[in-house]
Amino acid sequence: MNKIRTIFFGSGEFAVPILEGLLHMAGVDVVAVVTQMDKPAGRNQDLKPVPVKEFINNNYPDLKVYTPLKYRLEQEEILEKEKPELIIVADYGQILPEYTINYPKYKCLNVHGSILPDLRGAVPIPIAILKGYKKTGVSIPIMTTGLDDGPVLAMTDVEIEDTDTTETLKSKLAKAGAELLERTLPQWVDGKLVPLEQNEKKATIADKTLIEKEKAKITSETDSEKAIRMVRAFYPWPVAWCEIDMNGKVLRLKIFKATISDNSTNAEIGKIYRDGKKLVLNLNDGSIELLDLQLEGKKRAGCNDYLYLSGAKLVS
């Protein structure tokens with residue numbers, strides 16, 4: 001039997017394990033990958049390949065890669081050249097036009113990091129943590145011109161641990177997505193799956209505006225449980241932060257890791273204080289222990305290096 005000619009669309013870290021699984025899948029021939037152009041990164045803003053392209057450069061240098069600035073303008077040329085029978089999309093970063101969605105025989109399938117129709121959109125993983133979910137998962141819908149609203153071929157659940165960050169949960173979901181795709185594709189190609197329409201009444205949106213830097217700010221109004229969810233959800237980007245007053249100087253403090261403090265205190269709300277070798281921030285309903293920090297103008301370090309922050313207070 002001839003292998004199915006497949007194009008993979010993906011860019012971010014979530015897409016890498018899915019592409020790797022696809023490349024090893026019997027019956028699938030990945031003829032090309034479409035990904036984002038190199039991005040400025042680091043202090044010097046040097047151009048760096050996105051994770052999918054970096055993975056290909058390091059492991060499959062002969063695999064054909066397209067990096068169109070505007071895919072819509074190049075779609076017909078790419079598709080007519082590669083003639084895919086199947087398109088798989090994961091964490092690509094651009095909306096695919098109708099021409100592409102309708103092109104392949106076996107449709108355009110998306111590997112999405114939530115249990116649809118919940119958390120449609122670009123950032124379902126951090127939003128699941130922010131909302132305090134104990135469980136999320138991966139869905140494989142048939143793509144449409146809408147936002148993750150196509151009929152679903154398969155789903156799988158993934159538990160969210162209390163210590164999961166966006167980074168760790170993304171890794172778990174990507175692995176689960178690769179495994180789900182491996183189980184699903186043979187059944188889909190053989191015509192053994194009936195797509196399930198989504199319930200529009202239960203749809204929610206996880207728009208990228210919900211994880212902008214300003215949304216990562218912890219204030220004295222933030223309750224302790226929410227603050228911990230913010231620290232976990234906004235790691236590794238944009239990183240939870242607060243503004244503190246140190247001797248009349250307002251500085252930004254990034255919080256990379258924290259946990260609920262089990263110590264009761266009468267400290268002023270919004271005050272940072274030292275408890276032995278621990279550094280604690282008192283919020284309106286309890287305290288959080290600060291474990292991994294970076295003060296504006298300083299290096300990232302553990303709390304032992306920042307015990308001198310005791311006495312500082314949140315600005316708002």
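The values are calculated or read from the model by the stated rules, or taken from the named source; none is laboratory data. Values in this document were obtained by computation on a predicted structure and should not be read as measured data. Note that each Cβ is placed from the backbone with ideal geometry, even for glycine, and that neighbours are counted across all protein chains shown. Heavy atoms of the whole protein, side chains included, go into the accessibility calculation; ligands, DNA and RNA do not. Shrake-Rupley method; radii C 1.70, N 1.55, O 1.52, S 1.80 Å.
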### Message
Of all beta bridges DSSP finds with both residues in the chain, what is the antiparallel percent, to the nearest 5?
### Response
70
### Summary
In degrees, nearest 10, the alpha-carbon axis of helix 224-233 is tilted away from the dominant principal axis of the alpha carbons of the chain by 40
### Summary
The helix 166-189 Cα axis meets the longest alpha-carbon principal axis of the chain at an angle in degrees, between 0 and 90 and rounded to 10, of 20
### Val315-Lys175 FRET efficiency (beta carbon distance; Förster radius 30 Å; 0.05 resolution)
0.15
### Query
Shape of the range 217-316 from its Cα gyration tensor (a ≥ b ≥ c, root eigenvalues): rounded if a/c is under 1.5, otherwise prolate when a/b > b/c, or oblate?
rounded
### Summary
With a ≥ b ≥ c from the Cα gyration tensor eigenvalues, square-rooted, and the rule rounded for a/c under 1.5, otherwise prolate when a/b > b/c and oblate otherwise, the range 148-281 is prolate
### Message
Report the rotationally averaged projected area of the range 124-225 based on its alpha-carbon convex hull, in square nanometres.
### Response
8.1
### Task
Considering only Arg120, Arg232, Arg183, give the residue with the highest GNM mean-square fluctuation for the chain, with springs between Cα atoms whenever their separation is below 10 Å.
Arg183
### Query
What label, among (i) 59, 48, 37; (ii) 71, 44, 29; (iii) 111, 61, 26, belongs to Cα extents along the principal axes in Å computed from the structure on display?
(ii)
## Note on the structure
Simple spin-label estimate for Glu82/Lys278, 7 Å along Cα→Cβ, in nm, reads 5.3
### Query
Given the Cα-Cα distance of Glu98 and Asp190 and 0.36 nm per residue of separation, how much length would full extension add, in nm?
30.7 nm
### Task
Identify which of Val250, Val239, Val111 has the largest mean-square fluctuation in a Gaussian network model of the chain, with springs joining Cα atoms closer than 10 Å.
Val250
### Whether the range 1-100 is rounded, prolate or oblate, judged on the alpha carbon gyration tensor where a/c under 1.5 counts as rounded
oblate
### Query
For the modelled label position 7 Å from the Cα of Ala203 along Cα-to-Cβ, which residues of the range 146-167 have backbone nitrogen atoms closer than 11 Å?
146-151
### Query
Per residue, how many Å² of accessible area does the range 40-194 show with a 1.4 Å probe?
51
